[in-house]
Protein chains: 2
Amino acid sequence: MDWFKEAWTENIHFAVKIKSVLHSEKTSIQQIDLYDSFELGRFLALDGLMITNEKDEFIYHEMITHPALSVNPYIKHVLIIGGGDGGTLRELVKYPKIETIEVVELDYRVVELSKTYLPSLSSGFIDPRVSMFYQDGASFVKDTERKYDLIIVDSTDPIGPEAGLFTQSFYHDCFRALTESGILINQHESPYFEKESKEMKEAHDRISKVFPFSKVYQAFIPTYPSGHWLFGFASKKFDPVIELKSSYIERLGFETKYYNKEIHVASFALPTYVKKRLMSK
Amino acid sequence: MDWFKEAWTENIHFAVKIKSVLHSEKTSIQQIDLYDSFELGRFLALDGLMITNEKDEFIYHEMITHPALSVNPYIKHVLIIGGGDGGTLRELVKYPKIETIEVVELDYRVVELSKTYLPSLSSGFIDPRVSMFYQDGASFVKDTERKYDLIIVDSTDPIGPEAGLFTQSFYHDCFRALTESGILINQHESPYFEKESKEMKEAHDRISKVFPFSKVYQAFIPTYPSGHWLFGFASKKFDPVIELKSSYIERLGFETKYYNKEIHVASFALPTYVKKRLMSK
């Protein structure tokens, strides 16, 4: 294979020149492929869709973690749903105040292959605060007796093995599993192409029915369809902009490549057409 | 032709399914192609690069115009360099206080073809305040005796017929042709892929040597390489964020689809890696 091609829509394609195929396998859950490429370094594809690559994964993983921690620097117990590549975990283990991180990943093989082929993402799996659970995330949250300060839904799309992570009942279960100051972050699709825009709207409507604070924020992620990607910030008591602890970001103690204090606030400033779609009936 | 393909880099391709070829011609300056597509509507390509399309042109054209007008609502005399498709002009003629708009476009045929095939972009050409000049923009600015409150450089890339719009001497000439409160806006390439990132850095360095205020701002433009596109805001006396006239935006008197008060401020909040590249030696 010379080129990895992804249909952003039926009528828009994105293609990446491949240096080599590192690994391919079909698990009971999905097709997993790892490639090396000329422009993006190594990357992981699940069921034919690029999930993460070495060139711009820092944007996604910084933006799915640091905004929540900058609103509540006292987060101790975190649950990650999905995130088998380890990038989200790598960012979280930088926070010394976090005491436990549970990772619930459906497909054991994603984690194992990330450890082998994506060492720059998977470095956090050996942290002693981390517990791994290989099972369905929606069932896990439904059944858990624990309370978390932060739940991060680092999922694939609403169509596929992780569709259960976009339902109303899942968001209810997350609400129940969060502490009084709990925050739910989820990857929230994109506003530009119709398929993702519809998914964005549906997720927002469902989350807004459950959480008193429900906002959407954005980042420039060039290799995701349209490059305009969204995250959901839902909370029982924190407005993500008003409650930003700016001084805390300046004392983080580690460097970021995308995230900063101004980006935090700016990421919640949505284009008018995105706001209108989110507010539409 | 079934698909229009654009090499974002040697190793990253972007492809759009074509409904029909509307027009193709080679002028003395460049290859001009107009297509109709399934996902993006009609679009214009110059020398094989997509310049503007009906689906997301509103983002580029709102963002190259409204920030400057929201910092100085008293702008009367405007010069557009390039912009032959008419999108920038269409936004400017919405401001009743603007008295004259001069458009300097190298290629007469771009304007004529836009009038024929892109009526939603080219509606501003008939405005009585508009004067057209079909010549090289760099020479025009060098020779002009007039003073402008705003110069917008709505150009193609630094390689090609409009390379002269990215030189130090061009920015000097713009400075001279601007009033004491003058603003220079230019399309400023992108920070993500190396070619555009280098061009971004070079343009910023050159503009910063000439103008006391030189900032870079960004927008989500999904069909430009990486989807993360930049504009330069240079001025003799206005900081674009501090001097924002927020109340003015609320009284614009017309609707925008991308631009709003929060987007104005947010667009100047750059990711850390972009700031570092701009500040690097």
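The values are calculated or read from the model by the stated rules, or taken from the named source; none is laboratory data. A quick note: this is a predicted structure, and the numbers were derived from the prediction, not measured. Don't worry about glycine lacking a Cβ; one is built from the backbone with ideal geometry, like all the others, and counts go over all protein chains shown.
Once the range A:225-254 is narrowed to residues that are in contact with a helix residue (DSSP H, G or I) (Cβ under 8 Å, 6 or more places away or on another chain) and facing chain B (nearest Cβ under 9 Å), the residue that is nearest to B:S267 (Cα to Cα) is A:S226. Scanning the range A:23-45 finds no residues that are assigned by TED's automatic domain parsing to the domain that holds A:P161, hydroxyl-bearing (S, T, Y) and within 30 Å of A:R176 (Cβ to Cβ).
In the range A:1-25, the residues that are facing another protein chain (nearest Cβ under 7 Å) form Cβ pairs under 6 Å with partners that are part of a strand (DSSP E or B) and surrounded by fewer than 16 Cβ atoms within 10 Å (Cβ to Cβ), at six or more places apart or across chains, as follows: A:H13/A:K5; A:H13/A:A7; A:A15/A:W3; A:A15/A:K5; A:K17/A:W3.
Kindly establish whether B:E57 is within 16 Å of B:L121 (Cα to Cα), under 12 Å from the mean Cα position of the chain (by Cα) and either away from chain A (no Cβ under 12 Å) or modelled with pLDDT under 95 (or both). Yes, satisfied. Taken as a whole, the condition of being surrounded by fewer than 19 Cβ atoms within 10 Å (Cβ to Cβ) and in the same structural domain as B:R251 (by TED's automatic domain parsing) applies to B:K94.
Collect the residues in the range A:82-116 that are hydroxyl-bearing (S, T, Y) and under 12 Å from the mean Cα position of the chain (by Cα), keeping them in residue-number order. Let's see the steps before the verdict.
Going residue by residue through the range A:82-116, those that are hydroxyl-bearing (S, T, Y) are A:88, A:95, A:100, A:108, A:114, A:116.
Residue satisfying the conditions is A:T88 alone.
The set of residues in the range B:264-281 being among the β-branched types (V, I, T), facing another protein chain (nearest Cβ under 8 Å) and in contact (Cβ under 8 Å) with a residue 24 or more places away in the chain consists of B:V265 alone.
Kindly indicate whether any position in the range A:185-202 is of a type in the set (A, V, I, L, M, F, W, C), within 14 Å of chain B (Cβ to nearest Cβ) and touching a residue at least 12 places away in the same chain (Cβ under 8 Å). Explain how you work it out, then say what you get.
Of all residues in the range A:185-202, those of a type in the set (A, V, I, L, M, F, W, C) come to A:185, A:193, A:200.
Now narrow it down to the ones that are within 14 Å of chain B (Cβ to nearest Cβ): A:193, A:200.
Next, only the ones that are touching a residue at least 12 places away in the same chain (Cβ under 8 Å) stay: A:193, A:200.
Yes; the residues of the range A:185-202 include at least one that is of a type in the set (A, V, I, L, M, F, W, C), within 14 Å of chain B (Cβ to nearest Cβ) and touching a residue at least 12 places away in the same chain (Cβ under 8 Å).
Report whether or not A:K201 is basic (K, R) and under 30 Å from B:I12 (Cβ atoms). Spell out the reasoning first.
Working: basic (K, R): yes; under 30 Å from B:I12 (Cβ atoms): yes.
Yes; evaluated as a whole, the condition is true for this residue.
Residue-level check: of (1) in a loop (DSSP other than H, G, I, E, B); (2) modelled with pLDDT of 95 or more, B:I152 misses just (1).
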